[in-house]
Amino acid sequence: MGSKCIYCKGSIIKQKGSRLKVIGITKVTIPSPMHPIIPYNIILLEDEFGNRLPKKTMREFKIGDNYIEQKAKTDEAVSVVKIKYDIYEAIKESVELLNSFKFDKDDKILIKPSIIAAAYPYQTVNTNPDFLNALLILLLEYGIKKENIIVAEQALIGSNSIDSASKAGIIDVCKRHGIEFADISKGPFEAVEFDGYPFKIFKEALKRKLVNVPVMKTNFQIGISGAMENLSRLADEQTQRKMYYDGITKAIPKLARAINAFTIADASNGMQGQGPLSLGEPAFLNLVLSGKNAAALDKVFCNIAMLQAPFYVNASLPLKEIEVVGNEIDSLKYPIKAPVADETPHPDIKVIDGKACPACLNLMYGLTSRLVGLRGEQMSIVIGSMITEDVLKGKDRVIALGDCSIRKLQELKLDNIEKINEDMDHVEQLVLLKKLLTTKGVPKISSIDKVKSKMQMLLSKVVR
């Protein structure tokens, strides 16, 4: 909101009413794509200043009733607030509806957004910079000193964290407020263990109050990227690789319970479809979700978005036992597009995903994106360690990409599948994948192909 009225050019003073009364009611009995659950009521509320606002609710009201926003009674509660006009107000309301987390002016804070790749804000791959800006304004208004706040993140393995944060608009927001941005991949890390599982965690996240700020989105590998998944990049590269190789859906709940974090989740847009990277689409949810229990928050999000909650989320409390404040779940339910398991940016390349680590996932997206526009024969790329012989049966145009799948295929003694190693130069990888895509029949890499790829790589370095 600007500081001047667009009509009279006078100063604008924000008014926030504390007493709301119902002055109008409309009952809706016909479903629509954005509002599939019926019947519901649209009530018109008026505050003591005469300001009016509509609100969707499943509850019954009468004209003249007082409307009171109930605060949380339990520490495990999740608040869900609809963004109307102001992200700042929605974040503030979502935090103040809860009693599980309080900010003190002497707190040292680490904000952990989600910034996984170099993408513009409108692509909804990363936490919205406007969301982070509003959160920083709120923390500074609480009296927390800017020198006591750090924003920290690391991009997917293989991507540059600073470049990603710059393109996402996060670095600009930090500079505007004089806040430090830290690249988690640089460390230092500290060993932490939970339920027998070892983690190496960014040391500052263990010393400070941790505010987890994920962007809520679909994820074709694990169902959703949300409050729990966002914590995984607090771990060093070796730990992340191990978590995915051992089974990420088993490791994430342990990590979430090993770290004391409070989540303020960005669903100002959110992502649907083929997330978590740029194949996904904005979901336009206009929500803020907050809570101490990351699993409970993810479960509430899945219910609102009408997505099948993945196992690692479902293992938390039953939904009926989670206290939800702010907005009612049924009044917000809106079906967003679920991801499918085998899509890549390239129409002729499918993926067989064995819960690949961030490095292999990033590599697959990067290579297949670069080949868009070149048509070839249908083929499949195998990534990740959670693969079996049965998954590969009947597929004759298959290649293995990255260390996770190559190591797993060696364990399974499947040596007849061509491989592109993770530690090859990117140009070599691209040349070999292009050759395999355009080869008819069973794709093979010959010694001549390897020489050509190296020559292409050397030539590209000379041209640069």
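Bear in mind that the values in this text are calculations on the coordinates, not laboratory data. Owing to the predicted nature of the structure, the values given are computational and were not obtained by experimental measurement. In this analysis, Cβ positions are derived from the backbone assuming ideal geometry, glycine residues included, and neighbour counts consider all displayed protein chains.
A few comments on the model shown:
- Extending 7 Å from Cα along the Cβ direction at K62 and again at D415 yields two label points whose distance is 8.3 nm.
- Couplings 3J(HN,Hα) for region 421-429, derived from phi with the Karplus relation 6.51 cos²θ - 1.76 cosθ + 1.60 (θ = phi - 60°), are 6, 5, 8, 5, 4, 4, 5, 4, 4 Hz, where x marks Gly and Pro.
- Cβ-based exposure ranking for M306, M216, M228, in which fewest neighbours within 10 Å come first: M306, M228, M216
- Label-to-label distance, nm, for residues given as R52 and V462 (7 Å Cα→Cβ offset): 7.5
- Helix-only mean residue ellipticity at 222 nm for the chain, each DSSP H run of n ≥ 4 adding -39500 (n - 2.57), per residue, nearest 500: -9000 deg cm²/dmol
- Using the Stokes-Einstein relation with a Kirkwood hydrodynamic radius computed over Cα pairs, the translational diffusion coefficient of region 294-371 at 37 °C and a viscosity of 0.692 mPa s comes to 219 µm²/s.
- Long-range tail of P(r) for the chain (Cα pairs > 31 Å, %): 47
- The equivalent ellipsoid of region 112-174 has semi-axes of 22, 12, 8 Å, largest first, where each one is the square root of 5 times an eigenvalue of the Cα gyration tensor.
- Peptide ranges 113-124, 412-423 listed from the most packed, as the mean C-beta count within 10 angstrom indicates: 113-124, 412-423
- Each listed q (0.14, 0.18, 0.26, 0.30 Å⁻¹) maps to a log10 I(q)/I(0) for region 1-60, found by the Debye formula over equal Cα scatterers with no solvent: -0.58, -0.75, -1.00, -1.16.
- Inter-site label distance for F284 and E180 at 7 Å from Cα along Cβ, in nm: 4.1
- Above 11 Å, the calculated P(r) of region 41-81 contains 74 percent of its Cα-Cα pairs.
- For region 344-464, Kirkwood radius (reciprocal of mean inverse C-alpha pair distance, Å): 14.5
- Taking only the C-alpha atoms of region 194-276, the Rg (one decimal) and the largest Cα-Cα distance, Dmax (whole number), read 12.8, 37 Å.
- Taking the Cα atoms of region 64-179, the ratio Rg/Rh between the radius of gyration and the Kirkwood radius comes to 1.02.
- Residues with amide H under 5 Å from that of V382, placed H, sequence gap 5 or more: I352, I399, A400, L401
- Listed by chain and number, the aspartates and glutamates whose alpha-carbon sits under 15 Å from that of K108, ignoring those within fewer than 8 places in the same chain, are E141, E147, E180, E204.
- For region 1-109, GluC sites (Glu not before Pro) are listed when DSSP marks them as loop and at most 11 other Cβ atoms sit within 10 Å of their Cβ; the list is E48, E60.
- At 1.567 mPa s and 4 °C, Stokes diffusion of region 1-147 via Kirkwood alpha-carbon radius, µm² per second: 70
- Rg followed by Dmax, in Å, when region 78-332 is reduced to its Cα trace: 16.5, 46
- Cut-off 18 Å (backbone N to label point 7 Å along Cα→Cβ of K250), residues of region 311-325: 311-316
- Partner aspartates and glutamates for K207 [C-alpha distance under 14 Å; skip if fewer than 8 residues away on the same chain]: D106, D107, E190
- Cross-link pairs exceeding 26 Å between alpha carbons, from the set K14/K299; K55/K146; K55/K333: K14/K299; K55/K146.
- Within the chain, percent of DSSP bridges classed antiparallel, to nearest 5: 55
- Positive contributions from Lys and Arg (+1) and negative ones from Asp and Glu (-1), summed over other residues with Cβ under 10 Å from the Cβ of M457, come out at +1.
- All alpha carbon pair distances within region 220-347 were sorted into 10 Å bins beginning at 0; the resulting P(r) in whole percents reads 12, 43, 36, 9, 0.
- Pairs beyond 32 Å (Cα-Cα), from K145/K250; K254/K320; K82/K105: K145/K250
- For K84, the aspartates and glutamates whose Cα comes closer than 20 Å to its Cα, not counting residues fewer than 8 places off in the same chain, are E46, D47, E48, E69, E93, E96, D130, D266, E328, D330.
- For region 247-269 versus region 372-448, the inter-centroid distance based on Cα atoms is 32 Å.
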